[in-house]
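Beneath this line is the structure, given in structure tokens, with notes to follow.
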Amino acid sequence: MAEVYRLRADPEHTAPAVPLAEYQPGGTAVWLEAGDDARLLVPHLGALRRIDIAFPKFREGRGYSSARILREAGFTGEIRAVGVLYVDQLMFLTRAGFDAVLPETPIDPAVAEQTLKRFPFVYMKATDAVQPVWELRERA
Amino acid sequence: MYRYDEYDQAVVDARVAEFRDQVERRLKNEISEEAFKPLRLMNGLYLQLHAYMLRVAIPYGTVDSRQMRMLAHIARRYDRGYGHFTTRQNIQYNWMKLEEMPDLLADLASVEMHAFQTSGNCIRNISSDQFAAAAADEIADPRPYAELLRQWSTLHPEFSFLPRKFKIAVTGSTIDRAAIKLHDIGLELVQNEAGEIGLKVLVGGGMGRTPMLGHVIREYLPVADYLSYMEAILRVYNRHGRRDNIYKARIKILVNDLGPAEFARQVEEEWALVKPLGLDPPPSELARIAAHFAPPVLDANAPVEIDLSNPDFANWVAVNTHPHKAPGYTIVTISLKAPGEIPGDASADQMDIIADLAQRYAGDEIRVTHAQNLVLPHVRRADLFDLWQVLVSAGLATANLDRASDIISCPGLDYCTLANARSIPIAQKLAVKLAPQEADLGELKIKVSGCINGCGHHHAGHIGILGVDRKGEENYQLLLGGSGAEDATLAKILGPGFDENGIVTAVEKVIDRYKTLRADPAERFLDTYRRVGAEPFKEAVYG
């Protein structure tokens, strides 16, 4: 594994993430497999500081729903994508609610910055604060 | 027609810049082919048997003359002078060079076109009724709803890595020309008792290896909420669709495993959670889009009666035109199925001619049909003869719409890496054989696929042909009784398969038997088959 690419300013919460099945109430870091039900964590979001979500394959897409569900439920801690991920997926990841990525191959921060600036507008609401074009059109 | 505003253009321009950067990184070997593959696929670029193939999106199958001329330019500049219109109302180019792709995408972007999501496990091009806004039988133009879906699904952060590809079709008519029962989601515009337009929602249809018809999960969905409802469907699918087996990953398998009622319950439960999040744009956004689709100004005094004394012309009018909403107008289908030619292919010169005709006679609009033909939607009947003469000189006046030689065919083993057998030569042979008697046969839809993935829609064919590999030899199965229309059914295999010549003979035997069985000359093959069943045909072919 390469280094974690983080988009948060707060200090990294380094507690080891425990698998969902072993998670005890009060635990601050948990690990979700791709197929785990993120909604099971909703009662514990106040205690949690970091949620790691596994991407065992590039094709794996369930984690995007998991992250979005957690943000929709009000989670403000770190959601970290871990696994087979590339810089070109950063926009999807960040808009779905991830704010840290631990990829198998390292992400060049310069390329990442460029990638995240690539699309000036988006068409749909997601978990970030970016206004979709229909809101911009409405305002104009 | 929808026109991009500054936002739409900026997104498409950014995509070109992104892909230019990705191609550069690939050509410099900074990224491996393995890592590059999903990136190029998201831009519709496949690696085929002989070269790269690019699939360009034609949202809901609508282009104007300027865009058609660009498609012709691309065929000349980047391909070998041809383009291939597909069963998803898109166009494919078969001889692409990777290093030229960024310039090609920039050319497309200059006329408000792109190749977004024409491949990959994401929401694909939204398809629709090719007669939208022209057909006498529709309640409303489905394309504004399709355009809003296009925008909503473009680079969707949650639904770009689905278990499998995802296809949505929208129609505004009870006469189904968009095959909505054979899509992952099919949407039909309907009216409630108050006369308000809403959407009937079907889920879980599809062809391919496990063909299924979609199920209605909601009879009436208010328009104001339809995007959040789509979010709910897609989220249930993204979370629970199978990812362990590529052949069981489409939503139809999930709907079938859960049962439509349980699937619908899960969607409603999810919808209750996402609806309050404000994901639906205000009605003004749909109204803004709909304003782009205002119908062309039509001549209220356009004459209805026209001179049909030329028998070839009269025949073409009878076969290739449909009733238009406005008297004095008609809908013209330009067949890309001249017998012996490749179904769906058009040369760059033909595309330019069609662009000219659209501009001159058809409100500057052209539609691509899922049967791989082109449509001029708003033509004055009084202009038909002039238009037809131009088509004749361009080799585009084949009068065979929905007849035996109007065959849908996938590219098959001539191009496609997935194919097990050639399909184009089968379609060509059948078309040449059947064309002389097709007027007598009436409506007969023949569809040919070169592998079980079914891009040639063989399961929806009145007569379907499926090419398979049998011990290293091309083998063709014969299916009968399918329909992709409002009376949708799935075709069934008749019996053991045939070689290339055998399948042509078998189809001829089926047709000969039909001629002796039909109740009257007007009874379609499909209706005869439904009435008498498979047995007489089995006997004719294998007996």
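The values are calculated or read from the model by the stated rules, or taken from the named source; none is laboratory data. Every value quoted in this text rests on a predicted model; they were computed, and no experiment measured them. Using ideal geometry, Cβ is built from the backbone for each residue, glycine included, and neighbour counts are taken over all protein chains shown.
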The one condition in (1) farther than 16 Å from B:R209 by Cβ; (2) buried (at least 23 other Cβ atoms within 10 Å of the Cβ) that B:E500 fails to fulfil: (2)
Filter result for the condition that a residue is of a type in the set (A, V, I, L, M), under 24 Å from B:Q151 (Cβ atoms), without any contact (Cβ under 8 Å) to a residue 40 or more places away in the chain and not assigned by TED's automatic domain parsing to the domain that holds B:P377, over B:L234, B:L279, B:L221: B:L221
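In segment B:179-187, is there at least one residue being more than 17 Å from the chain's Cα centre (by Cα) and either farther than 22 Å from B:C455 by Cα or assigned to a loop (DSSP other than H, G, I, E, B) (or both)? First the steps, then the outcome.
We begin by selecting, within segment B:179-187, every residue more than 17 Å from the chain's Cα centre (by Cα); these are none.
No, that holds for no residue.
Looking at B:V507, B:V532, can you tell me which residue is surrounded by 13 or more Cβ atoms within 10 Å (Cβ to Cβ) and under 20 Å from B:G412 (Cα atoms)? If you could, list the steps in order and put the result at the bottom.
Details: B:V532 fails: under 20 Å from B:G412 (Cα atoms).
On inspection, the qualifying residue turns out to be B:V507.
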Tally, over segment A:22-53, of residues that are under 27 Å from A:V87 (Cα atoms), more than 13 Å from every other protein chain (Cβ to nearest Cβ) and in contact with a helix residue (DSSP H, G or I) (Cβ under 8 Å, 6 or more places away or on another chain): 4
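Assigned to a strand (DSSP E or B), at pLDDT 95 or above, crowded, with 20+ Cβ neighbours inside 10 Å and assigned by TED's automatic domain parsing to the domain that holds B:A419, is that true of B:L526? Talk me through it step by step, then tell me what you get.
Numbers: assigned to a strand (DSSP E or B): no; at pLDDT 95 or above: yes; crowded, with 20+ Cβ neighbours inside 10 Å: yes; assigned by TED's automatic domain parsing to the domain that holds B:A419: yes.
Taking the combined requirement at face value, the residue does not satisfy it.
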Any hit, segment B:247-264, residues being surrounded by fewer than 19 Cβ atoms within 10 Å (Cβ to Cβ), without any contact (Cβ under 8 Å) to a residue 40 or more places away in the chain, within 30 Å of B:G328 (Cβ to Cβ) and not small (G, A, S): no
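Does B:M113 satisfy the condition of being crowded, with 19+ Cβ neighbours inside 10 Å, farther than 27 Å from B:Q130 by Cβ and not basic (K, R)?
No; evaluated as a whole, the condition is false for this residue.
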Evaluation of A:P106 against (1) part of a strand (DSSP E or B); (2) touching a residue at least 60 places away in the same chain (Cβ under 8 Å) (one fails), failing number: (1)
Count of segment B:421-450 residues which are buried (at least 21 other Cβ atoms within 10 Å of the Cβ) and either modelled with pLDDT under 95 or over 19 Å from B:L478 (Cα atoms) (or both): 1
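Can you report the number of residues in segment A:47-88 which are of a type in the set (G, A, S) and touching a Phe, Trp or Tyr at 6+ places or on another chain (Cβ under 9 Å)? If you could, list the steps in order and put the result at the bottom.
Residues of segment A:47-88 that are of a type in the set (G, A, S), as a first pass: A:47, A:54, A:61, A:63, A:65-67, A:73-74, A:77, A:81, A:83.
Right, trim to touching a Phe, Trp or Tyr at 6+ places or on another chain (Cβ under 9 Å) and you get A:54, A:61, A:63, A:65, A:67, A:81, A:83.
Number satisfying all stated conditions: 7.
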Test: B:H322 is modelled with pLDDT under 95 and away from every other protein chain (no Cβ under 14 Å): no
Cβ-Cβ under 7 Å pairs, at least 6 apart or on other chains, segment A:117-130 side more than 8 Å from chain B (Cβ to nearest Cβ), far side of a type in the set (S, T, Y): A:D128/A:T94
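Working carefully through the options B:L254, B:L227, B:L221, B:L202, find the one that is within 14 Å of another protein chain (Cβ to nearest Cβ) and either under 30 Å from B:C410 (Cβ atoms) or in a strand (DSSP E or B) (or both).
Working: B:L227 fails: either under 30 Å from B:C410 (Cβ atoms) or in a strand (DSSP E or B) (or both); B:L221 fails: within 14 Å of another protein chain (Cβ to nearest Cβ); B:L202 fails: within 14 Å of another protein chain (Cβ to nearest Cβ).
Sole residue among the options that is within 14 Å of another protein chain (Cβ to nearest Cβ) and either under 30 Å from B:C410 (Cβ atoms) or in a strand (DSSP E or B) (or both): B:L254.
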Residue under evaluation A:R62, criteria (1) surrounded by fewer than 23 Cβ atoms within 10 Å (Cβ to Cβ); (2) over 11 Å from the mean Cα position of the chain (by Cα), criterion not met: (1)
Residue among B:F116, B:F131 that alone is closer than 22 Å to B:P38 by Cβ, among the aromatic types (F, W, Y) and assigned to a loop (DSSP other than H, G, I, E, B): B:F116
Every residue from segment B:64-95 that is closer than 24 Å to B:I123 by Cα and part of a strand (DSSP E or B): B:G83, B:H84, B:F85, B:I91, B:Q92, B:Y93, B:N94
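Does B:A491 satisfy the condition of being within 29 Å of B:G204 (Cβ to Cβ) and touching a Pro at 6+ places or on another chain (Cβ under 9 Å)? Reasoning before the result, please.
Working: within 29 Å of B:G204 (Cβ to Cβ): yes; touching a Pro at 6+ places or on another chain (Cβ under 9 Å): yes.
When the stated conditions are applied, B:A491 passes them.
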Residue within segment A:89-108 that is surrounded by 15 or more Cβ atoms within 10 Å (Cβ to Cβ), more than 7 Å from every other protein chain (Cβ to nearest Cβ), farther than 24 Å from A:L32 by Cβ and among the aliphatic types (A, V, I, L, M) present: no
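For every residue, the table says whether it meets (1) within 12 Å of another protein chain (Cβ to nearest Cβ); (2) part of a helix (DSSP H, G or I); (3) over 17 Å from B:I217 (Cβ atoms).
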site: B:A261; (1), (2), (3): no, yes, no
site: B:A264; (1), (2), (3): no, yes, no
site: B:W271; (1), (2), (3): no, yes, no
site: B:P276; (1), (2), (3): yes, yes, yes
site: B:P295; (1), (2), (3): no, no, yes
Members of segment B:38-63 that are surrounded by fewer than 21 Cβ atoms within 10 Å (Cβ to Cβ), touching a residue at least 60 places away in the same chain (Cβ under 8 Å) and either part of a loop (DSSP other than H, G, I, E, B) or in contact with a Leu (Cβ under 7 Å, 6 or more places away or on another chain) (or both): B:Q48, B:L49, B:H50
Search result, residues across segment A:66-84 that are surrounded by fewer than 24 Cβ atoms within 10 Å (Cβ to Cβ) and either more than 10 Å from chain B (Cβ to nearest Cβ) or part of a helix (DSSP H, G or I) (or both): A:R71, A:E72, A:G74, A:F75, A:T76, A:G77, A:E78, A:V82, A:G83
Subset of segment B:490-511 [within 15 Å of B:I446 (Cα to Cα), touching a residue at least 12 places away in the same chain (Cβ under 8 Å) and not hydrophobic (A, V, I, L, M, F, W, C)]: B:K492, B:E508, B:K509
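Does B:L162 count as in a helix (DSSP H, G or I) and either more than 9 Å from chain A (Cβ to nearest Cβ) or of a type in the set (A, V, I, L, M, F, W, C) (or both)? I'd like the intermediate steps shown before the answer.
Details: in a helix (DSSP H, G or I): no; either more than 9 Å from chain A (Cβ to nearest Cβ) or of a type in the set (A, V, I, L, M, F, W, C) (or both): yes.
So B:L162 fails the test.
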